[in-house]
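Nothing in this text is a laboratory measurement; each read-out follows from the coordinates by a stated rule. These numbers were taken from a predicted model, which means no experiment stands behind them. Please note: Cβ atoms are built from the backbone with ideal geometry, for glycine as well, and neighbour counts cover all protein chains shown.
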Amino acid sequence: MSATVSTVPCKYRTGRTLGQGTYAVVKEAVHIETGKRYAVKVINKKLMEGKEHMIRNEIAVLRRISIGHANILTLVDYFETLNNLYLVTELAEGGELFDRICRKGNYYEHDAAHLVRTICSAVAYLHEQGIVHRDLKPENLLFKTAAEDSELLIADFGLSRIMDQEKFHLLTTTCGTPGYMAPEIFQKSGHGKPVDMWALGVITYFLLCGYTPFDRQNSMDEMHAILNAEYQFAPIEYWQGVSETAKSFVNGLLTTDPSHRMTAAQALKHPWLAQSGLNQDGQTAQAPQDQDTEMEGPHDLLPSMMSRIKARTKFRNAVGAVKAINSMRKRHEELRVVHQEDVEQVLHRGDEEMV
């Protein structure tokens with residue numbers, strides 16, 4: 001806890017910053033009476049002026065789903081002051097999904113299936129409540145604690161929407177994270193719950209090989225690949241040890257026609273997830289493997305995944321550095337042109353005065 005703390009009106013004392021965005025900052029908070037620790041999202045009302053509907057929407061979604069499912073971040077409290085609005089939620093201290101995977105000594109297909117089943121179960125609950133998340137991605141999947149058996153939580157409901165159950169309608173706003181967005185979002189043809197299932201397909205693909213299916217050199221190529229569902233389980237060495245059942249599951253989700261895409265309920269019944277639940281002994285069952293894979297034994301996916309992610313991170317950092325340098329050069333050139341124009345104007349004025 002930070003040494004310098006400020007008191008949130010009434011009940012909480014805030015400490016270190018956990019994250020920061022354009023309109024809000026997330027801080028660790030302690031309930032003064034009980035000593036329990038939470039996360040508090042402090043939203044600046046002035047910065048959100050004109051976008052208040054986003055705040056109301058997030059509160060409405062969190063109120064509706066709170067305490068309804070073990071794998072969804074719970075809203076504990078909310079209130080506002082003259083300048084800020086506060087949303088108090090559970091404190092997820094176990095870190096992001098892939099950070100946890102990287103810390104494991106090994107990682108197998110049945111581990112991926114268990115994670116996907118957990119996420120799918122939470123998504124099924126959301127959809128039953130008439131809620132579409134619209135921004136499912138690994139960064140929004142957090143572990144509640146650092147314990148090995150900690151619950152995985154779906155977080156960040158800022159883009160979620162409650163679907164009108166009385167009068168069915170489709171959402172048309174373009175939103176989400178591009179690499180995880182379904183084709184119908186780009187097409188603006190109207191979207192709903194199936195967009196979460198597409199995102200789950202992208203997450204599953206990532207959890208099996210360490211990269212996303214539509215990762216391209218630029219955003220236009222990425223969008224084209226998404227619109228046409230252009231992806232492969234290749235190169236072969238990247239998919240070594242991954243069963244055909246797992247690939248079948250991905251194919252059932254990365255389907256361009258949302259009406260043919262698996263629903264959350266259907267996905268939970270798919271053989272890859274149905275056999276990754278609890279067996280009769282109460283232990284996590286392993287995902288089905290191909291016959292050849294079973295003979296060789298489970299294949300550890302972690303080493304090759306780590307190497308690919310490190311390579312991709314290094315490449316993206318290099319690209320980011322080049323973009324930053326080019327941006328600085330462009331800015332410098334703009335300033336030079338402006339300066340030259342100013343000089344020419346001064347000289348021109350001087351010539352006029354001499355005349």
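Computed values, structure above
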| item | result |
| --- | --- |
| For peptides 217-226, 134-143, sequence by mean Cβ density within 10 Å, most packed first | 134-143, 217-226 |
| Hz values of 3J(HN,Hα) by residue in segment 46-58 - Karplus curve (6.51, -1.76, 1.60), Gly and Pro given as x | 5, 5, 8, 4, x, 10, 4, 4, 5, 5, 4, 5, 5 |
| Peptides 177-186, 22-31 ordered by average Cβ neighbours within 10 Å, highest first | 177-186, 22-31 |
| Anisotropy class of segment 10-89 from Cα gyration tensor, a/c 1.5 cut | oblate |
| Ordering of 262-269, 197-204, 83-90 by packing [mean C-beta count within 10 Å, highest first] | 197-204, 83-90, 262-269 |
| Listed residue pairs exceeding 23 Å between alpha carbons, taken from K27/K144; K137/K188; K188/K247; K104/K193; K11/K51 | K188/K247; K104/K193; K11/K51 |
